[in-house]
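One structure below.
The values are calculated or read from the model by the stated rules, or taken from the named source; none is laboratory data. Bear in mind the structure is a predicted one, so any value in this text is a computation, not a measurement. Every residue, glycine among them, receives a Cβ derived from its backbone with ideal geometry; neighbour counts consider all protein chains shown.
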Ligand code: HEC
């Protein structure tokens, strides 16, 4: 009996703990705000228009369809609120996740993403996700089993981000 209660508790904690408890998000946040250099970023986008264009062309064909399915609920617009959105407390958590996610990377306007990091750093974080996982957050996957990235999708993400990193690296 006791173990069942403990197990149930663990599930509750995993499912209902806001992402920030697990994530490095908060820490990152502060650091990147200090490092933020918006001018450098837009200058870079200006002088390397062609590279950005090519990266976005490939993004639209190979990556956006994956992100639309698996990332846009948080990094884009939530298409359909899940039924539990109405549960008191849960709504706030989902709203928090979506706000926090878009503050890191907002994918609504394609590449380069709106982000407080440079496009190069964004690509590196995305490549890491392709290699090691970490997104979507576990909490989200628990409610959306099909949101997990498949091996094929991970491969496409790694391929696109590696090629794009090469294009942008000086
Ligand atoms: C349930 C909402 C949710 C979904 C779905 C989601 N993310 Fe996130 N994402 C977040 C939140 C919240 C953060 C900020 C906190 C953190 O880093 O965990 C974040 C941060 C990120 C970051 C920045 C990480 C860093 O190092 O700063 C990247 C890149 C990212 N997500 C990519 C993705 C990709 C790619 C997908 C789809 C495969 C995805 N996310 C799906 C919520 C989500």
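Quick notes on this structure:
- Test: residue in segment 147-167 that is more than 9 Å from the ligand (Cβ to nearest atom), more than 19 Å from residue 62 (Cβ to Cβ) and either touching a strand residue (DSSP E or B) at 6+ places or on another chain (Cβ under 6 Å) or in a helix (DSSP H, G or I) (or both): no
- In segment 73-89, residue modelled with the highest pLDDT [restricted to those that are assigned to a helix (DSSP H, G or I) and either within 12 Å of the ligand (Cβ to nearest atom) or under 17 Å from residue 147 (Cβ atoms) (or both)]: 75
- Looking only at segment 118-137, and only at residues there that are in a loop (DSSP other than H, G, I, E, B) and near the ligand (Cβ under 7 Å from one of its atoms), the one that is nearest to residue 73 (Cα to Cα): 136
- Scanning segment 90-116 for residues that are in a loop (DSSP other than H, G, I, E, B) and without any contact (Cβ under 8 Å) to a residue 40 or more places away in the chain yields 108, 109, 113.
- Evaluation of residue 170 against (1) buried (at least 16 other Cβ atoms within 10 Å of the Cβ); (2) more than 9 Å from the ligand (Cβ to nearest atom); (3) under 21 Å from residue 48 (Cβ atoms) (one fails), failing number: (1)
- Residues located in segment 119-137, provided they are crowded, with 20+ Cβ neighbours inside 10 Å and over 12 Å from the mean Cα position of the chain (by Cα): 119
- Residues (surrounded by fewer than 13 Cβ atoms within 10 Å (Cβ to Cβ) and closer than 29 Å to residue 160 by Cα) located in segment 66-91: 77, 79, 80
- Options 63, 105, 55, 94: the member that is near the ligand (Cβ under 8 Å from one of its atoms), at pLDDT 95 or above and crowded, with 16+ Cβ neighbours inside 10 Å: 105
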